[in-house]
Amino acid sequence: MTASTTPASPDSNAGSTAFIGGGNMARSLIGGLVARGTPGSSIRVAEPAEAARKALADDFGVATFADGAQAVDGADVWMLAVKPQVLRQVCEALAPQARARRPLVVSVAAGITTAQISRWLGGGEDADAPAIVRCMPNTPALLGAGVTGLFATPAVDASGRERAQALLSSAGTTVWIDDEAQMDAVTGTSGSGPAYVFLLAEAMEDAAKRQGLPDATARTLALQTILGAARMLTEPGAPPPAELRRRVTSPGGTTQAAIETFEEGGLRELVDRAIANAAERGRELSAAND
Ligand SMILES: NC(=O)c1ccc[n+]([C@@H]2O[C@H](COP(=O)([O-])OP(=O)(O)OC[C@H]3O[C@@H](n4cnc5c(N)ncnc54)[C@H](OP(=O)(O)O)[C@@H]3O)[C@@H](O)[C@H]2O)c1
């Protein structure tokens, strides 16, 4: 099914989830949901690009639409998966349906606050405020190996939290955040975090080459070391990172020589500053989108 031919009555779509935006993040969430048994027929996707609509319909059996208003028709969960720059326009176009339907709105748009989404959807205050869950996933979500911070507004009830968590669990681990202001810290830690590990991989690979190793060997050694260490860190019952490090650092040995170099070079302070700067940039970008 690539487009709805008969306009569905709102209640015939009750229980369905509408995705607004059918790009990378939507695709990985939908793929995860369908793989875990959610019927594709209960997922409706609005996506302007015809090729992307066709691929989503062919791959997952979802109903696709060129227009957001049609996709959300009757759906009680709306997943906003467009770029932050277009979210305002998307929400304002859906505001009449949001007021009438009062869906659970879940957003993965980086840096956009629940107050902004609420305002753009024409939401009222207090008892009349829309139920919004703001999420910060990261790119490993595309492999189902992400981690997502979630924040819910007071209007989201326990079943809304469960539904939002189930949606994002298809992309990996989920963590609830109580204070929305901390979402910028989530962005600075896990949202931008994969790039910090990519940088470490680059630096290790380059250093290995300077030690005379062939290019391919240097890359394999660096990447598989990071993969193996990440697996040790996340094994069930794994000790904390500091303990794992202690266990592989014999006094006077090779690892200690390297760790001392990192510590003397101020690695901890540098990581602290990097994450603080990423969080600050997140705050600035949110303000710029207002
Ligand atoms: N990818 C990640 O790892 C990641 C991580 C954290 C957060 N996020 C957040 O996830 C959101 C989506 O990111 P993404 O990587 O999936 O981006 P993406 O691949 O560009 O997907 C966005 C999709 O939305 C479509 N779109 C644009 N305007 C639309 C409209 N008015 N109605 C319906 N669909 C519309 C775009 O179509 P066109 O291309 O034709 O414009 C595109 O296919 C962003 O807000 C981002 O901040 C992504």
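The values are calculated or read from the model by the stated rules, or taken from the named source; none is laboratory data. Since the model is a prediction, treat every value here as computed from it, not as a measurement. No Cβ is skipped: glycine too gets one built from the backbone with ideal geometry, and neighbour counts run over all protein chains shown.
Below is a table of values for the structure above.
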{"item": "Within the stretch 119-160, considering residues that are in contact (Cβ under 8 Å) with a residue 12 or more places away in the chain and among the hydroxyl-bearing types (Ser, Thr, Tyr), the one farthest from the ligand (Cβ to nearest atom)", "result": "THR153"}
{"item": "Residues (within 16 Å of the ligand (Cβ to nearest atom) and among the charged types (D, E, K, R)) located in the stretch 181-220", "result": "ASP184"}
{"item": "Close pairs from the stretch 205-225: first assigned by TED's automatic domain parsing to the domain that holds ALA258, partner exposed (fewer than 15 other Cβ atoms within 10 Å of the Cβ) and not in a helix (DSSP H, G or I), Cβ under 9 Å, at least 6 apart", "result": "ALA218/GLN211"}
{"item": "Residues being within 14 Å of the ligand (Cβ to nearest atom) and crowded, with 22+ Cβ neighbours inside 10 Å - total across the stretch 91-109", "result": "7"}
{"item": "Those residues of the stretch 12-45 which are within 16 Å of the ligand (Cβ to nearest atom) and closer than 14 Å to VAL72 by Cα, in sequence order", "result": "THR17, ALA18, PHE19, ILE20, GLY21, GLY22, ILE43, ARG44, VAL45"}
